[in-house]
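Q: Quick one: the structure is below, questions incoming.
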Amino acid sequence: MKFSAEWLARHLDTDASAAEIAAKLNALGIEVEELDDPAVALEGFRVAEVLTAAPHPQADRLQVLTVNTGEGEPLQVVCGAANARAGMKGVLGVAGATVPANGMVLRKSAIRGVESNGMMCSVRELQLGDEHEGIIELPDDAPVGMAVAEFFRSSPVFDVSITPNRPDCMGVHGIARDLAAAGLGTLKDAPIPAVPGAFPCPVTIRTDDPAGCPAFFARVIRGVTNGPSPRWLQQALISAGQRPISALVDVTNYLSLGHGRPAHVYDLAKLTGPVVARRATAGEEVLALNGKSYTLDRSMLVIADDAGVHDIAGIMGGEESSVTDGTTDVLLEIAYFDPESIGATGRKLGIASDARTRFERGVDPAFLGDGLELLTGMILEFCGGEASDVVRAGTPPLDTVVTAFDPQLTQRLGGVAVPEDEQRAILERLGFTVASDWTVTTPTWRPDIIGPADLVEEVVRVHGIDRIESVALPRAGGVARPTATPAQLTERRVRRAAAARGLMEAVTWSFLPASAAEGFATEGETPWVLDNPISEDLKVMRPSLLPGLLLAAGRNLARGAPALRLFEIGRRYGRSPDGSSAERLTLGVVLAGDRQPRGWASGKAQGFDAYDAKAEALALLAEAGAPVDKLQVMGDAGPQFHPGQSGTLRLGPNVVLARFGALHPAVLKAFDLAGPVMAAELFLDAIPARKSSGFAKPAYSPPALQPVLRDFAFLVPAAVRAGDLVRAVKGADKVNIVDVRLFDQFSGAGVPEGQKSLAVEVLLQPQGESYTEAVLTGISDKVVAAGVKLGASLRG
Amino acid sequence: MTDTDNLAAAADASIAAAIAQIEAAADLSALEAIRVALLGKQGSISALMKTLGAMAPEERQARAPAIQALRQQASDAIAARKTALEGAALEAQLAAEALDLTLPAPEAPRGTVHPVSQVMDELAEIFADLGFAVATGPEIEDDWYNFTALNMPESHPARAMHDTFYFPDTAPKGGRMLLRTHTSPVQVRTMLAEGAPLRIIAPGRVYRSDSDATHTPMFHQVEGLVIDRDIHLGHLKWTLETFLKAFFERDDIVLRLRPSYFPFTEPSVEVDVGFALVDGRRVLGGSGDAAGHGWMELLGSGMVNRRVIEASGLDPDEWQGFAFGVGVDRLAMLKYGMDDLRAFFDGDVRWLGHYGFSAFDQPTLSAGVGARA
């Protein structure tokens, strides 16, 4: 909201400068977004008299002037304006001044060889208007040397942001009250004189919806002459960013912006029959003052007569009955509307007006009569005419809020000790009534004050919130203990492990295009889809971490990145058929491009393969505390993966901890990705919690005897999976076999068709005594037997 | 002269030649041949040694030292030559094995931690020292937790300021399911679950339907909440000062408190922090009122509204406290110098490499919670 210092001065008697007022407004919680002070912007520009004007010796279009600035010797100034002439008065900018229109700093210079000590300015250069033909011509009586801002009586303009809890500050008067309470002057609060009615009001008014419109006051003024409003009023409205229209319209805007109190003036000639506040009928239409036509429904409150709707109550007037230059008789309406009803209608119709903002936040229900009198007085003053009696329908809700206040609460909640008499004085200056027992009555214009904490805020902000001293939080005794949960620790650990392994952490949107999310949902769930997405690209809550990373990979590859190792840790979102929501901590990895660039030692560039994805999955699961040696590689990674180059890592047959592998070519195509792309997704939420067991590890007891390594080469049917053979061998002798490692896989020459050779090394750990040949043979037999069960035979 | 004398004389003469031969041996095999010729079973010095056996004791006593010295001389010379030849061979081998070490070594990819994660870790560390635990809550949230319980009932004008993303689903506690617009619902959830007293921070993703140069529809916030019996605005001020001083590792952080309005706090306080312009960039520190300085809006805070405490299942006459919310991305930008919020969520590896952190930049209190450039 904008208003000028001059306007403020109509409500506040103060000596404070604009800067002091702005600082105090900020301190009071009325945030000053901008202070536009012409005295600052126009510093260095003053009224000057042209003494002589002579042609420039070097340039046809320029003149050399001598200018009286009101102090010292006249200055020589080069000027290009045709209207510059001896004897005229204009505006001179001296060296050091900044031209408001273009930010140019004036300085002493030579123009085509002639010294110039300043600039005679145009209206536009000073941003005083659009006029740019020639320099400003001031009246003959303009005092030479006077600052231009002072000459034009340009007043500083404050642009403030009013928080939604302060409807009283939606008018200059309320802002003045806050400033006065904070000691920055005296509120001009003289009683508003009532204008006696000269005749009975000829119009019947009524409210048919006491809930939506509890009170509706009105009166007629006849014999008015509409025309421009006085200059001061126009200037005030311009400072607030409003266009002056006519006296009858300007006075209502003045009431709205000056007192936060919207009202409406109808052209009486265009009304027929009683004027009624009622609910609209379904489909009823009104052409509003913004030139748009609105179709109303039965939830919306209107002001109507026998002919139809004339006003969307509390939101916007109608074009039909609006006042014009020819208007002679008017009906003044001032009503109280239910804030919630106004808000709902405003939202439905999509109208943001000054009136709506004020009614929605809550206007002063006690200001109907005074508001109407103020309006009447101004109209009679500016437009003449005579006023009828005031007619009133209904009564505004004037229930008072009374709070039992304990002034000690200011210290307990606000942390600042304010003497009781100061607290009382602050509240009283703000309009509260404070009884001797500290029963505090809230003024009607402060719907936000409903409890003791609100009163503490009033006292503290007026007393000065900057006077609160820091007080250390009490420290808990003893030594600090971890404050992060196991899940948080896992997340941190895995994140740093991934980074240490060479993966780069990305943070991607939680929402995806529907096409990217498709097919990635967890089985039995559907994705959450936004009703009002900001765009189609950000619509579906990610059911997997992979699509977002694939989109990022695509952008990077398009930018020419040769290799990508991206990961992200975050939530994936799922919606169960019963509507319940699950957000699960997940880690996604995407590997694309070159695993290794071409090199002098390694030859051609090498791409990633599914084993790289497996390696990341296993390493990161291990860091996350999963029992990786118990995991089995199984299938069913999902349709997004290459069916023959992907798998799941499971704990038992049902608990899937991760999926990994090469992505399906169809997915690559959908994401517009070239070349094989590997991915892994770790379901960190599925990792079973480890039972916490102190810090000490089991005692260290290295085996006394050297382990023995034995190699076995098997011929197995091609379909047998290496992992199954290793598991079988491992299980052949659980006492002696401590590790089995597959070190060779071969098919081709020397291996029968349909078979392959798998070679494993088996690490045997003798327990109590060294192995005899007989024991070793026994173990070997068990290993071979285990292989035979899978259709393997020992290779001769 | 005896035969032996002759033999010895001949040996003396030949040893000089033999040593010359040893020293001239070109390689280990030539040297071995000489050794065999001198010291082997049929070798000339071995033959001389054998003559000792046939001598009379006196003569042997007289002769033996010279013959043994002869043998010693020869074997020493052979050993010396062998060492020399082996050394030369090793030299030659090493010379042959020389590598051009300006050739590039195998490259290990460099991983990074995203600045948002880094800053969240830093915040957790700082607040852990102040006794705050880290709490979390859902992002797909119930209208009641996001608004109603926070003193923003249906039709509250402040709701309109939140640019909320909605889902079609009806929420269990009324209204619709939505994406949380702030981390404040975690206040309510944590109070309901854990009661009081309480000190938590709640970092996480939040969402507003807003997108321009300085706003993204998803961003990160951290909520702070202290509930106890005697907590007041002075504690809030101290906590924020302490946190910001620790976070920016500067003692000259100056805060300016301004009254404001949030439905879930009363009194409500907007907090500005003083900055100086250094090379056109805002650097936090110093009073914003000083020449060349300014104030920057940093966060919203206040004393938790008693209606919120009530909705969270606590007795507002017994428990009170403060809450604050601050943008994590914003903190990251102010500390580490990024200037475009949108780049945070693009996944551009060049940006991640430039602004990302080493895995080993884990913030710790002893090392300071910042990772220096």
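The values are calculated or read from the model by the stated rules, or taken from the named source; none is laboratory data. Only a predicted model underlies this, so the values are computations on that prediction, with no experimental measurement involved. All Cβ positions, even for glycine, are placed from backbone atoms using ideal geometry, and neighbour counts span all protein chains on display. The area values use the complete protein model at the heavy-atom level, side chains included, leaving out ligands, DNA and RNA. Shrake-Rupley method; radii C 1.70, N 1.55, O 1.52, S 1.80 Å.
Q: Give me the percent relative contact order of the stretch B:132-205, please, defined on Cα pairs under 8 angstrom at least 6 residues apart. Spell out each step's value before the answer.
A: Details: 101 pairs, mean separation 34.4, N = 74.
Relative contact order comes out at 47 percent.
Q: Same structure, new question: Which value results when the Cα radius of gyration for the stretch B:256-373 is divided by 2.2 N^0.38 Å?
A: Relative to the rule-of-thumb radius for its length, the stretch B:256-373 sits at 1.38.
Q: Which order do A:S436, A:S109, B:S260 take by accessible area at a 1.4 Å probe, largest first?
A: A:S436, A:S109, B:S260
Q: Let me ask another. Using the alpha-carbon atoms, what tilt in degrees (0 to 90, nearest 10) does helix B:57-96 show relative to the longest principal axis of chain B?
A: 40
Q: I've got another one for you. For the ranges A:310-323, A:720-733, what's the packing order if you count other beta-carbon atoms within 10 Å of each residue, average per peptide, and put the highest first?
A: A:310-323, A:720-733
Q: Once you average over the residues of B:249-259, how many Cβ atoms of partner chains fall within 10 Å of each Cβ?
A: Mean shielding count: 3.
Q: Excluding ligands and nucleic acids, what accessible area in Å² is computed for B:F219 using a 1.4 Å probe, to the nearest 10?
A: B:F219 has an accessible surface of roughly 40 Å² with all protein chains in place.
Q: Please name whichever of B:A77, B:A88, B:G43 sits farthest to the positive end of the charge dipole of the stretch B:3-96, dipole taken about the Cα centre and charges placed at Cβ: Lys and Arg +1, Asp and Glu -1.
A: B:G43
Q: I'd like the mean, over residues of A:496-503, of how many other protein chain beta carbons sit within 10 Å of each residue's own Cβ.
A: The shielding value for this peptide is 6.
Q: Continuing with this model, one more query. Rounded to two decimals, what ratio of Rg to Rh does chain A give with C-alpha atoms and a Kirkwood Rh?
A: Reported Rg/Rh (Cα atoms, Kirkwood Rh): 1.18.
Q: When every alpha-carbon pair in the stretch A:547-634 is counted, what percent end up more than 22 Å apart? The partial results should precede the final answer.
A: Details: 1778 of 3828 pairs.
The calculated P(r) of the stretch A:547-634 puts 46 percent of pairs beyond 22 Å.
Q: Taking the full set of protein chains and a 1.4 angstrom probe, give the accessible area of A:I303 in square angstrom, rounded to the nearest 10.
A: 0
Q: Further, regarding this structure: By how many nm would the segment from A:T295 to A:S580 grow when fully extended, if each residue of separation counts as 0.36 nm and the alpha-carbon distance is taken off?
A: 98.8 nm
Q: Another question about this same structure. Percent relative contact order of the stretch B:113-358, based on C-alpha pairs within less than 8 angstrom and at least six residues apart?
A: 21
Q: Ok, one more. What average count of beta carbons from other chains do you get within 10 Å of the Cβ of residues in B:193-206? Working shown, then result.
A: On the way: counts 0, 0, 0, 0, 1, 0, 3, 1, 1, 0, 1, 2, 5, 0.
Counting other chains' Cβ atoms within 10 Å and averaging over B:193-206 gives 1.
Q: Could you put B:E310, A:E469 in order of accessible surface area, largest first, with the 1.4 Å probe and the full protein assembly present?
A: A:E469, B:E310
Q: Roughly what angle does helix B:233-248 make with the longest principal axis of chain B, taking Cα atoms, 0 to 90 degrees, to the nearest 10?
A: So the helix axis and the longest Cα principal axis differ by about 30 degrees.
Q: Go ahead and run the numbers for FRET between B:E97 and A:W600, Cβ-Cβ distance against an R0 of 25 Å, rounding to 0.05.
A: It comes out at approximately 0.90.
Q: For A:T441 and A:E319, compute 0.36 nm times the residue count separating them, minus their Cα-Cα distance, and round to one decimal in nm.
A: 39.8 nm
Q: Over the Cα atoms of the stretch B:3-96, Rg to Rh with Kirkwood Rh, two decimal places?
A: 1.10
Q: Right, here's the next one. Would you compute, from DSSP H runs of 4+ residues alone, the mean residue ellipticity of the protein assembly as shown at 222 nm, taking -39500 (n - 2.57) per run and dividing by the full residue count, rounded to the nearest 500? It would help to have the intermediate numbers written out before the result.
A: Details: 31 runs with 349 residues, N = 1169.
After summing the helix terms and dividing by residue count, I get -9000 deg cm²/dmol.
Q: Which part of the stretch B:117-132 falls in the paramagnetic zone of B:E194, meaning amide N under 17 Å from the point 7 Å along Cα-to-beta-carbon?
A: Hits in the stretch B:117-132 for B:E194 at 17 Å: B:121, B:123-132.
Q: Out of all DSSP beta bridges in chain B, what portion is antiparallel? Express it as a percent rounded to 5.
A: If we restrict to bridges inside chain B, about 95 percent are antiparallel.
Q: Of the residues B:D251, B:D76, B:D339, which exhibits the maximal mean-square fluctuation in a Gaussian network model of chain B defined by a 10 Å Cα contact cut-off?
A: Sorting by GNM fluctuation, first place goes to B:D76.
Q: Oh, and also: Sort B:F264, B:F147, A:F151 by heavy-atom solvent-accessible area, probe 1.4 angstrom, most to least.
A: Sorted descending by solvent-accessible area, the residues read A:F151, B:F264, B:F147.
Q: Taking the radius of gyration and the Kirkwood hydrodynamic radius from Cα positions alone, what is the Rg/Rh ratio for chain B, to two decimal places?
A: 1.58
Q: If I model a spin label at B:A84 and A:R727 as a point 7 Å from the Cα along the Cα→Cβ vector, what separation in nanometres do I get?
A: Calculated label separation equals 6.9 nm.
Q: Right, here's the next one. How high is the relative contact order of chain A? Use alpha-carbon pairs under 8 Å, at least six apart in sequence, and give a whole percent.
A: Value for chain A: 8 percent.
Q: Distance from a point 7 Å along Cα→Cβ of A:E137 to each backbone N in the stretch A:75-100: keep the residues under 13 Å and list them by number.
A: A:82-90
Q: If the chain between A:D629 and A:F746 were fully stretched, how many nm would it gain, using 0.36 nm times the residue separation less the Cα-Cα distance? Working shown, then result.
A: Values: separation 117, 0.36 × 117 = 42.12 nm, distance 2.52 nm.
Full-extension gain reported as 39.6 nm.
Q: As an exercise, use a Förster radius of 41 Å and the Cβ-Cβ distance of A:K697 and A:V655 to find the FRET efficiency, rounded to the nearest 0.05. Write down the numbers at each step before the final one.
A: Working: r = 26 Å, r/R0 = 0.65.
Efficiency at R0 = 41 Å is approximately 0.95.
Q: Could I ask something else about it? Can you compute the modelled spin-label distance between A:T225 and A:K782, with each label point 7 Å from Cα toward Cβ, in nm?
A: It is 12.0 nm.
Q: May I have the extent of the alpha carbons of the stretch A:393-438 along their three principal axes, as whole Å values ordered from largest to smallest?
A: Each principal axis gives a Cα extent; for the stretch A:393-438 these are 48, 18, 18 Å.
Q: Let me ask something else about it. For the protein assembly as shown, give the share of DSSP beta bridges that are antiparallel, in percent and rounded to the nearest 5; count only bridges with both residues there.
A: 95
Q: How big is the stretch A:723-789 on each of its three principal axes, counting only the C-alpha atoms and giving the largest first in Å?
A: 44, 21, 20
Q: Do any trypsin sites (Lys or Arg not before Pro) in the stretch A:547-617 lie in a DSSP loop with no more than 15 other beta carbon atoms within 10 Å, and if so, which?
A: Numbers: sites: A:R555, A:R559, A:R565, A:R571, A:R572, A:R575, A:R584, A:R595, A:R598, A:K604, A:K614; in loops: A:R559, A:R598, A:K604.
Sites meeting the loop and neighbour criteria: A:R559, A:R598, A:K604.
Q: Okay, next question. How much solvent-accessible surface does B:Y261 expose, in Å² to the nearest 10, with a 1.4 Å probe and all protein chains in place?
A: Counting only protein heavy atoms, the figure is 40 Å².
Q: Separate question: Between A:V401 and A:R206, what is the FRET efficiency for a Förster distance of 41 Å, r being their Cβ-Cβ separation, to the nearest 0.05? Please report the intermediate quantities before stating the final value.
A: Numbers: r = 30 Å, r/R0 = 0.72.
The formula returns an efficiency of 0.90 here.
Q: Short version: which residues of the stretch A:425-472 lose at least 50 Å² of accessible area, all chains versus chain alone, 1.4 Å probe?
A: Correct list: A:E457, A:I465, A:I468, A:S470, A:V471.
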